[in-house]
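Only one structure is covered here, and it is reproduced in the block below.
Each value in this text was obtained by applying a stated rule to the coordinates, not by laboratory testing. From a predicted model like this one, the values you see are computed outputs, not experimental measurements. Ideal geometry is used to build each Cβ from the backbone, glycine not excepted, and the neighbour counts take in all protein chains shown.
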Amino acid sequence: MKVFNDVLDMQSYSKGLRLKGKTIGFVPTMGALHEGHLSLVKRSLEENDITVVSIFVNPIQFGPQEDLDRYPRDLEGDRKKLESLGVDALFLPTPEKMYPEGFKTYVTVEGLSEKLCGAFRPGHFRGVTTVVLKLFNIVKPTRAYFGLKDFQQTLIIKTMVRDLNLDIEIVPCPTVREPDGLAMSSRNSYLSEDERRGANLIYLAMKEAEKTLMESMSFSRAVETLNEHLRKSPHVREIQYASLYDPETLEDLRDVDVKIYGKKEAVFAVALLYGKARLIDNLIVKIGGRE
Ligand code: PAF
């Protein structure tokens with residue numbers, strides 16, 4: 001596996017491959033790799049001639065009170081995992097290389113970046129879209145792979161790619177869960193044993209809410225069920241958001257009549273301050289009877 005620390009070295013490696021007609025699959029990550037990341041890597045290896053993974057804990061997507069300093073890091077472990085899967089290249093830039101002095105340009109997807117997580121993490125998605133656009137320009141991928149665990153992030157990146165006419169296919173990939181339903185996340189390592197035992201509550205609550213939706217065909221009742229279940233856990237410090245949303249606009253659907261909602265799918269999405277972590281998860285649901 002080639003390892004690049006330098007932006008220009010990475011760029012010229014990718015340029016050479018694209019000139020030879022090779023397809024490049026790209027998996028951008030912040031490291032501390034788990035099975036969720038590795039599922040994206042495996043998919044890229046299947047679908048492309050070359051697979052590039054980046055590991056970069058992007059400082060501009062963290063707020064001043066957030067976990068940039070304690071974000072889990074395991075570079076040696078990550079490197080071994082990627083090497084054993086057969087990844088072709090790892091891009092490992094430093095913050096100084098990505099944001100040299102005088103850096104001034106940011107990208108924002110307006111209207112989606114302020115909703116859900118964006119309302120609680122101001123500037124977060126501006127940091128994400130800026131770094132992802134930079135990484136796309138450096139790695140020059142044919143396809144890029146994103147987990148649906150971060151549903152809003154994937155939607156925002158798809159929108160940026162569409163709006164800025166980037167010639168890259170965004171491949172959304174299913175959330176990988178622990179056997180008890182907890183969505184895999186590098187931040188799950190913040191949880192104590194006791195917190196971890198109850199941390200599948202979001203998944204269980206969304207499944208219950210899905211049942212209510214199917215039985216009642218009422219968005220508001222489904223959202224009530226969701227919140228009732230979330231409130232039961234002693235580890236929940238704050239429910240930041242928990243509702244059913246339009247998967248294209250992120251409009252909150254709780255007050256919308258199912259009969260006038262014209263789409264086939266909706267998405268339950270939740271963010272909690274839970275124990276020592278902030279947990280997010282989502283579940284895409286089919287609206288009964290619609291083909
Ligand atoms: O999902 C992540 O790990 C990050 O937000 C990403 C896409 C690598 C950008 O820093």
Checklist entry - Order of 18-28, 190-200 by packing, highest average Cβ count within 10 Å first? => result 18-28, 190-200
Next on the checklist: Give me the net charge for the shell around Ala222: Cβ to Cβ below 10 angstrom, other residues only, Lys and Arg +1, Asp and Glu -1.
Outcome noted: -1
Next on the checklist: Only four residue types carry charge here, +1 at the Cβ of Lys and Arg and -1 at the Cβ of Asp and Glu. Report the dipole size of region 1-93 about the Cα centre in Debye, rounded to the nearest 20.
Outcome noted: 360
Item to check | Summed residue charge, Cβ within 13 Å of Tyr274's Cβ, Lys/Arg positive, Asp/Glu negative | outcome: +4
Checklist entry - For region 199-257, what is the convex hull volume of its Cα atoms per residue in Å³? => result 82
Next on the checklist: Can you give me the distance in nm between label points at Val3 and Asp246, each placed 7 Å from the Cα along the Cα-to-Cβ direction?
Outcome noted: 4.7
Checklist entry - What is the sum of charges around Ser44, taking Lys and Arg as +1, Asp and Glu as -1, for the other residues whose C-beta is under 12 Å from the C-beta of Ser44? => result -2
Next on the checklist: Give the separation of the Cα centroids, region 121-175 to region 76-105, in Å.
Outcome noted: 17
Checklist entry - Based on the mean of other beta carbon atoms within 10 Å per residue, what is the order of 165-175, 88-98, most packed first? => result 88-98, 165-175
Next on the checklist: Need one word for region 144-291: rounded, prolate or oblate. Basis is the Cα gyration tensor (sqrt eigenvalues a ≥ b ≥ c); a/c below 1.5 gives rounded, then a/b vs b/c decides.
Outcome noted: oblate
Item to check | Kirkwood hydrodynamic radius (C-alpha pairs) into Stokes-Einstein, region 27-176, 10 °C and 1.306 mPa s, D in µm²/s | outcome: 100
Checklist entry - Per the Debye formula with a single identical scatterer at each Cα and no solvent contribution, what log10 I(q)/I(0) holds for region 66-146 at q = 0.12, 0.14, 0.23 Å⁻¹? => result -0.50, -0.68, -1.31
Checklist entry - So what is Rg over Rh here for region 101-167, counting just Cα atoms and using Kirkwood for Rh? => result 0.96
Next on the checklist: Per q in 0.08, 0.11 Å⁻¹, report the Debye log10 I(q)/I(0) for the chain, using one uniform scatterer on each alpha carbon and no solvent.
Outcome noted: -0.36, -0.68
Checklist entry - Using Cα pairs under 8 angstrom and six or more residues apart, how large is the relative contact order of the chain, in percent? => result 17
Checklist entry - For region 237-291, what class follows from the C-alpha gyration tensor (a ≥ b ≥ c being the square roots of its eigenvalues): rounded when a/c is under 1.5, otherwise prolate if a/b is larger than b/c, else oblate? => result prolate
